[in-house]
Amino acid sequence: MFFRRGRSRGRALRQNASGGRRMSELTIGWIGMGRMGYPMAERLVKAGHKVHIWNRTRAKAEPLEAKGAVLVDSPRDLGGCDVLFTMVSTGKDVEAVYFGPDGVTTAPEVPKIFVDCSSIGTEQSAAIREKIAGFGAEFLAAPVSGNGKCVKAGKLSSVASGPKATFDKVQHLIEVYAPRGVAYVGEGELSRFCKIAHNVLLGVVTQNLIEITVLAEKAGVPRSAFLEFINDSVMGSIFTRYKTNALVNLDWTTTFTPALLRKDLDLGLEAGRALGVPMPVTATTREQLQAHFGAAMLKDDPEAYLEGDFAALLETAALAAGLKLESEGRPVPTGLEVMPEAAE
């Protein structure tokens, strides 16, 4: 059964089942200082929590150390934390920081609760959960919806699965970086299915939004005017609005790469095959995304181009339509602008 929990009642008074301390006094470990992990951990630091951090590239974590976080030398140094959060790129990365030579579980003691916010497959997540249980710890899968700008603007949301009692212990912490809401969807890896389904929708909506934008432009409608109409219509959303500036001005500043989107579409198709669910629209979207990788080979630096944002799919669609794109040179509000008081 799916249900949604609202904001915590009396969250500061919740008790740690094993220690009786206020939940706000729990020591938090955080691994992953990328485009998502850094601002998520930063919100916990700004909220006054004790946060110990580690990142493979130390320099990316040092700015947060200057804001009050404790920077450690290896994942092993986070073993004494009460709750460990991870926000990394792949399941292999999760396994490495948990179980690798200097992983968290090589410490004399391990965190009581592991919370993984990464987007990984269900089978890999289940295997990780089993290993964590072998150390006497609890595991919560809690992927998120949004990008780094959503985090900073306070518009991130999350979905979680695992033991309900574990979720209750850390819900108030997740809500710090995901204030739009945290949906608890049940035991095991159900949140992974939700996240995979979410990112499949992301890919399909993006591809269709790009196709109709190219269609409108080729008919003579400026991209800015067409997307303004879409955003103000019943079909508009937070997503279409915050992608509009990129599509209007050909700004491929990275929020999510084509490779990561391809990974998630593959996970969605794999789940569809396993569960006997036809997904023809997803399959078509995946193949169109693959065309983008081919088109990238025509660029001067294909590797750098593919490290840009997945919104660059617009260029591939335009190429197929024989349309030459130019920036309209008119910055458009995204709806994710951070107010001065929120940036403090």
task = At 15 Å minimum axial length over the Cα atoms and a Kyte-Doolittle cut of 1.0, report the qualifying DSSP H helices in the chain, or say none.
result = none
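Average the reciprocal distances over every distinct pair of alpha-carbons in region 112-263, invert the result, and give the Kirkwood radius in Å. Mind dumping the intermediate values first?
Details: mean 1/r = 0.0582 Å⁻¹.
Taking the inverse mean of 1/r over all distinct Cα pairs, region 112-263 comes out at 17.2 Å.
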note = For K299, counting only lysines whose alpha-carbon sits under 18 Å away and dropping same-chain residues fewer than eight positions off, the answer is K324
task = With runs of 4+ DSSP H residues as the only contributors, calculate the mean residue ellipticity of the chain at 222 nm using -39,500 (n - 2.57) per run, divided by the residue total and rounded to the nearest 500.
result = -14500 deg cm²/dmol
remark   = Gyration tensor (Cα only) of region 30-86 to equivalent ellipsoid, semi-axes in Å sorted down, yields 14, 13, 10
task = Starting from the Kirkwood radius over alpha-carbon pairs of region 44-177, derive D by Stokes-Einstein at 10 °C in a medium of 1.306 mPa s and give it in µm² s⁻¹.
result = 104 µm²/s
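Counting only C-alpha contacts under 8 Å and six or more residues apart, can you give the relative contact order of region 233-344 as a whole percent?
Once normalised by length, the contact order is 46 percent.
What whole-number value in Å² describes the accessible area per residue of region 142-283 for a 1.4 Å probe?
39 Å²
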message = Can you give me the long-range amide H partners of M36? Hydrogens built in the peptide plane at 1.01 Å from N, cutoff under 5 Å, separation of 5 or more residues or another chain.
response = none
query = Between A165 and S327, what is the label-to-label distance in nm when each label sits 7 Å out along the Cα-to-Cβ direction?
reply = 5.6 nm
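Taking the Cα centre of region 64-177 as the origin, how large is its charge dipole in debye, to the nearest 20, when only Lys and Arg (+1) and Asp and Glu (-1) carry charge on their Cβ atoms? Walk me through the intermediate numbers first.
Values: 11 positive and 14 negative charges, 89 e Å.
That gives a dipole near 420 debye.
Just need the relative contact order of the chain here, percent rounded to a whole number, with Cα pairs under 8 Å and 6+ apart.
Computed over the chain, the figure is 14 percent.
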key: Protein accessible area in region 235-290, 1.4 Å probe - carbon and sulfur %   = 62 percent
Residue of F193, F229, F85 that the Gaussian network model of the chain assigns the largest fluctuation, springs spanning Cα pairs under 10 Å = F229
key: Cross-link reach list, lysines versus K112, counting only Cα pairs under 30 Å and skipping chain neighbours closer than eight places   = K46, K50, K60, K67, K92, K131, K152, K155, K164, K169, K195
Antiparallel bridges, percent of DSSP beta bridges restricted to region 101-259 (to nearest 5) = 30 percent
note = Rounded to a whole %, the carbon-and-sulfur portion of the accessible area of region 99-167 at a 1.4 Å probe is 53 percent
message = Need one number: nm distance between label points at A283 and E187, each 7 Å from Cα along Cα→Cβ, rounded to one decimal.
response = 3.4 nm
ask   = Once you have the alpha carbon radius of gyration of region 136-189, what is it after dividing by 2.2 N^0.38 Å, with N set to its residue count?
value = 1.12
key: Where labels lie 7 Å past Cα in the beta-carbon direction, separation of A259 and A304 in nm   = 1.6 nm
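The values are calculated or read from the model by the stated rules, or taken from the named source; none is laboratory data. Since the model is a prediction, treat every value here as computed from it, not as a measurement. FYI the Cβ positions are ideal-geometry reconstructions off the backbone, even for glycines, and counts take in every protein chain you see. In case anyone asks, the SASA skips ligands and DNA or RNA and just uses the protein heavy atoms, side chains included. Shrake-Rupley method; radii C 1.70, N 1.55, O 1.52, S 1.80 Å.
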